[in-house]
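S.K.: Before anything else, here's the structure in question.
Coordinate-derived values only; no laboratory data. Owing to the predicted nature of the structure, the values given are computational and were not obtained by experimental measurement. Ideal geometry is used to build each Cβ from the backbone, glycine not excepted, and the neighbour counts take in all protein chains shown.
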Amino acid sequence: MHIAVASYKGGVGKTTTAVHVAAYLNTIAPTLLLDGDRTRNATEWSLRGDGFPFTVADVASAMKLAGKFKHSVVDTGQQPTEKDLKALAEGCDLLIIPAVPLALDTAGLRQTIEALQRMNENRYRVLITKAPPPPETEAQQLKALLDELKVPVFKSMVPRLKAFSKASASGCIVDKADDSRAARAWEAYEAVGKEIVTYARVKKSA
Ligand SMILES: Nc1ncnc2c1ncn2[C@@H]1O[C@H](COP(=O)(O)OP(=O)(O)O)[C@@H](O)[C@H]1O
Ligand SMILES: [Mg+2]
């Protein structure tokens, strides 16, 4: 299965999502994380600790490596053009668009979704990340808005938790982060991973 993670905006959890989706898929079968961002955030993250349980490589080595892995996840570069998005959506089984539930951040999301809708692309799904805890309702509001716009959204949301930045700082996957909510944080991406597997199955039988 080939997964791409993209969005017009930075800071929405692209790299965090790519790393943890790769970690989940790697529990099923060997997985390759391709770092397609000039900032090399995912690569640097993997080098800060004891390394990830899966392979991280530059997109330039994709051709050489792809055949060796069952699954691959691409953390794409920032600011994709509409052509980039189209190529990504066509070249993968599922394009994940992370989005954060803040009013100020909806412009980038809208831009990304409008581009995908213009190209009549249905192989994408929005993932709400950094969801603030109840009683705050922004995440539910964003979910409701996207449902209304008939934009496909993951049922699971990723909560806003410090465990994620701790994991990045210490170079590990979030379940190994030194934080009391580390297990909760990992469960969120486990749920996302399970959804991805279901969507891929539905697609195959369609
Ligand atoms: N669910 C989350 N809760 C809290 N912080 C998060 C979460 N996801 C990502 N972050 C933090 O937000 C920042 C941006 O995340 P990152 O994955 O690097 O985004 P992008 O790749 O889109 O720029 C990082 O400091 C990261 O640790
Ligand atoms: Mg990034």
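S.K.: Using a 10 Å cut-off around each Cβ, can you sort D50, D37 from fewest to most neighbouring Cβ atoms?
M.R.: D50, D37
S.K.: Determine the relative contact order of the chain: mean sequence separation of Cα pairs under 8 Å and six or more apart, normalised by residue count, in whole percent.
M.R.: So the answer I get is 25 percent.
S.K.: Follow-up. Along the positive direction of the dipole of the chain (beta-carbon charges: Lys, Arg +1; Asp, Glu -1; about the Cα centre), which of A29, L127, A182 reaches farthest?
M.R.: Result: A29, furthest along the dipole toward the positive end.
S.K.: GNM on the chain, C-alpha springs below 10 Å: top fluctuator among L146, L25, L34?
M.R.: L146
S.K.: Report the extension gain between E136 and E114 in nm, rounded to one decimal, defined as 0.36 nm multiplied by the number of residues separating them, less their alpha carbon distance.
M.R.: Contour length minus Cα-Cα distance gives 5.2 nm.
S.K.: If you rank H20, H2 by fewest surrounding Cβ atoms within 10 Å, what's the result?
M.R.: H2, H20
S.K.: Neighbouring Cβ atoms within 10 Å as the yardstick, rank T106, T17 fewest first.
M.R.: Exposure proxy ranking, most exposed first: T106, T17.
S.K.: Right, something else. Please build a GNM for the chain, connecting alpha carbons under 10 Å apart, and tell me which residue among G171, G77, G51 fluctuates the most.
M.R.: Highest fluctuation among the options: G51.
S.K.: Pull up the DSSP beta bridges for the stretch 14-151 and report the antiparallel fraction as a percent, rounded to 5.
M.R.: Antiparallel: roughly 0 percent of the beta bridges in the stretch 14-151.
S.K.: Hey, for a label at S61 modelled as a point 7 Å past Cα toward Cβ, could you say which residues of the stretch 162-182 have their backbone N under 20 Å away?
M.R.: 171-173
S.K.: Now a separate question. Work out the FRET efficiency for R48 and E82 from their Cβ-Cβ distance, taking R0 = 41 Å, and round it to the nearest 0.05.
M.R.: 0.75
S.K.: Could you tell me the largest-minus-smallest coordinate of the C-alpha atoms of the stretch 92-181 on each of the three principal axes, in descending order and whole angstroms?
M.R.: Result for the stretch 92-181: principal-axis Cα extents of 43, 34, 22 Å.
S.K.: With a ≥ b ≥ c taken as the square roots of the eigenvalues of the C-alpha gyration tensor of the stretch 27-158, please select rounded if a/c is under 1.5 and otherwise prolate if a/b is larger than b/c or oblate if it is not?
M.R.: It is prolate, given that a/c is not under 1.5 and a/b is the larger ratio.
S.K.: Calculate the spin-label point distance for N122 paired with I28, positioning each point 7 Å from the Cα along the beta-carbon direction, and give it in nanometres.
M.R.: 2.1 nm
S.K.: Below 23 Å, Cα to Cα, which lysines can K166 reach? Residues fewer than 8 away in the same chain don't count.
M.R.: K9, K14, K130, K176
S.K.: Taking the Cα centre of the chain as origin, sum charge times position over the Cβ atoms of Lys and Arg (+1) and Asp and Glu (-1), and report the length of that vector in debye to the nearest 20.
M.R.: The dipole of the chain has a size of about 320 debye.
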